[in-house]
Amino acid sequence: MGIKDQFQDKANDLSAKAKGAMGGEKDEASERASQARDDAQERGSQAQEQARERSANAPDQAREAAQEQQDKFNQDYDA
């Protein structure tokens, strides 16, 4: 094997290592992006559930607030 072949082999090895490192970084970036999407989707689901709960409770809360106002009004005029 000549010196040219040795340098060519070394160049090929380094090239393969560089490509492998780039692939690893791409995989890591892809994993982080996927995790961020999952987290955002989970937060969105939680927000929707909270909104549903609040809207389900809203009529009861409105009714209670109206009753409290009516009670205060009645107390003011009963005195």
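Some notes on this structure:
- The C-alpha atoms of the chain define a longest principal axis, and helix 3-78 lies at about 0 degrees to it.
- Kirkwood Rh and Cα Rg combined as Rg/Rh, the chain: 1.75
- Rolling a 1.4 Å probe over the protein heavy atoms of the chain, with every protein chain left in place, gives an accessible area that is 49 percent carbon and sulfur.
- Excluding same-chain neighbours fewer than eight residues apart, the lysines reachable from Lys17 by a Cα-Cα span under 22 Å are Lys4, Lys26.
- Extension gain, Ala33-Gln69: 0.36 nm per intervening residue step, less the Cα-Cα distance, totals 7.8 nm.
- Length gained on full extension, Asp60 to Asp78, computed as 0.36 nm times the residue gap minus the Cα-Cα distance: 3.8 nm.
- Segment Ala51-Glu25, extension gain: residue separation times 0.36 nm, minus the distance between their alpha carbons: 5.5 nm
- Within the straight-line cut-off of under 21 Å between alpha carbons, the lysines reachable from Lys19 are Lys10, sequence neighbours fewer than 8 places apart in one chain being disregarded.
- Helix-only mean residue ellipticity at 222 nm for the chain, each DSSP H run of n ≥ 4 adding -39500 (n - 2.57), per residue, nearest 500: -36500 deg cm²/dmol
- Here the Gaussian network model covers the chain, with springs between Cα atoms less than 10 Å apart; of Gln35, Gln48, Gln67, Gln67 fluctuates the most.
- Remark: the chain carries 92 Å² of accessible area per residue (probe radius 1.4 Å; ligands, DNA and RNA excluded).
The values are calculated or read from the model by the stated rules, or taken from the named source; none is laboratory data. Since we're looking at a predicted model, the values are computed, not measured. Calculation scope for accessible area: heavy atoms of the full protein, side chains included, ligands and nucleic acids excluded. Shrake-Rupley method; radii C 1.70, N 1.55, O 1.52, S 1.80 Å.
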